[in-house]
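What follows is a short report on a single structure.
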Amino acid sequence: MLRHLALCLLAVVFESAAYSQTSQTLSVPPDSPRWDLQGQAKATEYQGRKCLFLDGAAAVLKDLEMRDGVVDVDVATPASRGFFGLQFRVADDGATAEWVYLRQHKSGLPDAMQYTPVLNTGANWQIYNGPGFTGPVDIPKDVWFHLRLEVVGAQAKLYVKDMDKPALVMNDLKTGVQKGQVALYVLTGATYFSNFEIRTTPDAAWERHLPPMPSSTLTKWSLSPSYDALERNPERPLAPSESEVLHWQDVEAEPPGFVVIYRYREAPHPKVSFATDFSKRLEPQPGMKVVYARTSIDSDRDQVKKLFIGYSDDVSVFLNGKILFRGRNAQNFRDPGFLGIVNPENDAVYLPLKKGSNELMLAVSELGGGWGFICRLADLGN
């Protein structure tokens, strides 16, 4: 009995020690060898502080993987435009990560800060948008202020200046990755970081907070391999002989109905000519990729149904081998400030369904910002 009690006490001591170790705060100075500096990154001094400077760069914390934890850091940025923030649960190859960032040029606006999952090297901010993904915040210029990131299970909170009230609550982290590296990341815009601290915390229960899936959503799809979009005719459907020999991958839309193609295909990264010159928006865009997506719609009679469709960036809609619609929803395309946010109400197409099985096929092309689509059927007049 005494030996059993001693073993139990020893187990409690080891468990308490492990808990203490995982909950310990780690301070990492700017000149620490623990930082893997990538791109335009260096240790420096700014406004009297030792700090890290990043501009088009990352500082990855080596030899630490975090599932749940708290990250604290001070930030200062003299840039009038930029994207700076934190990446967490970063995969070893860097292709997948959770990313939350602030935009200096959007200070005070509804999308001054944004959370986006990075999947297969592609950010998905055009797809994941609105509550839980974007929010307003005032971003100080050229003065030090504090950021805190709290990660708990499948949720996270970002605090900006005010450590009592979160500025952005991320209700459902989307990569599905439960553990990974932590990094400071600046896409563009000179930014300084100091007083970096990280504290891992005990793992919380993994609970997803998914939005509802409307019953009218088309959820079951098959995806083709990806192709060079400039080598395909976007107004021509796949011939039956082509379709039969393709390897189609069955996928299911995620609530509230998005098929996020970056989950299944590597992101392209073309240099988009009309991003900075609106007059070039009709030019071919080398590097653009296209994927075909197909599903079937069963109809009890000949009828016309309205299809609500959101997509990024280009789409062609084919029904039973005939093209019905072609559109472009790319950032900067419809006007220089257009963002290309994906909503099911982006466009509507009227489908002349025949009695029986109907094949609906989409050709979805991507330039950047999120590759995917959402489709919902509705009766006319609804």
| message | Suppose the filter is within 15 Å of the chain's Cα centre (by Cα) and part of a loop (DSSP other than H, G, I, E, B); does Y128 pass it? | response | yes
| task | Looking at (1) under 17 Å from G369 (Cβ atoms); (2) surrounded by fewer than 22 Cβ atoms within 10 Å (Cβ to Cβ); (3) not small (G, A, S), find the lone condition where M113 falls short. | result | (2)
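Of the residues that sit in region 162-189 and are of a type in the set (G, A, S) and part of a loop (DSSP other than H, G, I, E, B), which one is modelled with the lowest pLDDT?
Residue satisfying both the conditions and the ranking: G176.
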| Filtered residues of region 55-98 (kept if under 27 Å from D162 (Cβ atoms), part of a loop (DSSP other than H, G, I, E, B) and charged (D, E, K, R)) | R67, D68, R81
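Table: residues versus (1) assigned to a loop (DSSP other than H, G, I, E, B); (2) among the β-branched types (V, I, T).
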| site | (1), (2) |
| --- | --- |
| F274 | no, no |
| S279 | no, no |
| L282 | yes, no |
| K305 | no, no |
| F308 | no, no |
| V315 | no, yes |
| G337 | yes, no |
| Does L64 satisfy being of a type outside the set (S, T, Y), surrounded by fewer than 19 Cβ atoms within 10 Å (Cβ to Cβ) and closer than 17 Å to F196 by Cα? | yes
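The values are calculated or read from the model by the stated rules, or taken from the named source; none is laboratory data. All of these numbers come straight from a predicted model, not from anything done at the bench. Positions of Cβ are generated from backbone atoms using ideal geometry, with glycine treated the same way; all protein chains shown enter the neighbour counts.
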